Amino acid sequence: MDTPSLTSGKIGRPSKVVTSRLDDMLLDLAAQAMREANFSDISLERLAARIRVSRPTIYRRFESRNALLEALVEKEFSTIFDVGERDVDERADPLEVLRTQAREMFDVFLRPSTANFVKFLTQESIINPRLVHSRREWHLRVVRRLTPHIERVFKSGDAERLAILLIALLDTPITLSAMGFGPDEALSGMSVDQYFDWRFGVFLDAAARD
């Protein structure tokens, strides 16, 4: 089924409402191609053809492919890593809160779409260093979200370093999946629950010795 044109029957520049919808459609199509690892489909010309608008219309919204990709990366990071951002009951057991936060993050890491995103980001960062900066910024955001929970558990003055360690222990399957390893290999032959318990246990042991 063809994607309907947003500017059919229109003369002149599209309205603000139309351009907002156009932005959303472009980013959604680019995200779909990225999740399916069809990276060659993420071009302004291909996306313009999909939604039947002219190249000038597209270039008024995004001046280059890199500009589109930067917007896409920001959107995807928001979708992928904005998990567990909610008010925490101060009466809850701090360790259980930390474990819940870590497990939610781990489950996101295991999504095939996340592996494709990491693969895409790794490739594109070679030619667009600004994407490397975006990745670092979002990594820091995840670290900052975990840090106060770790402080509550361990009363540690180096909670940020422990947060970085926890993320590193949990995100290994993403890297392996992005490299083409299957689910069983990425989890070292364990079930999801077994792998998480193992890695979280390693973190707890390391933090206790800190």
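Readers should treat all values here as calculations from the given coordinates under stated rules, not as data from a laboratory. Quick caveat, the model's predicted, so the values are computed rather than measured. Here the Cβ is made from the backbone with ideal geometry for all residues, glycine too, and neighbour counts use every protein chain on show.
Some values worked out for this structure:
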quantity: Percent RCO, i.e. relative contact order, over region 70-209, from Cα pairs under 8 Å lying at least 6 residues apart; calculated: 26
quantity: Surface/4 of the Cα convex hull for region 16-63, nm²; calculated: 3.0
quantity: Under the span-like rule (Cα at least 15 Å along the axis, Kyte-Doolittle mean at least 1.6), DSSP H helices of the chain; calculated: 159-170
quantity: Ranked by how many other beta carbons lie within 10 Å on average, peptides 191-202, 28-39 from highest; calculated: 28-39, 191-202
quantity: Helix-only mean residue ellipticity at 222 nm for the chain, each DSSP H run of n ≥ 4 adding -39500 (n - 2.57), per residue, nearest 500; calculated: -22500 deg cm²/dmol
quantity: Rule-of-thumb Rg ratio for the chain [Cα; 2.2 N^0.38 Å; N residues]; calculated: 1.22
quantity: Mean Cβ count within 10 Å, highest first, over the residues of peptides 176-185, 114-123; calculated: 114-123, 176-185
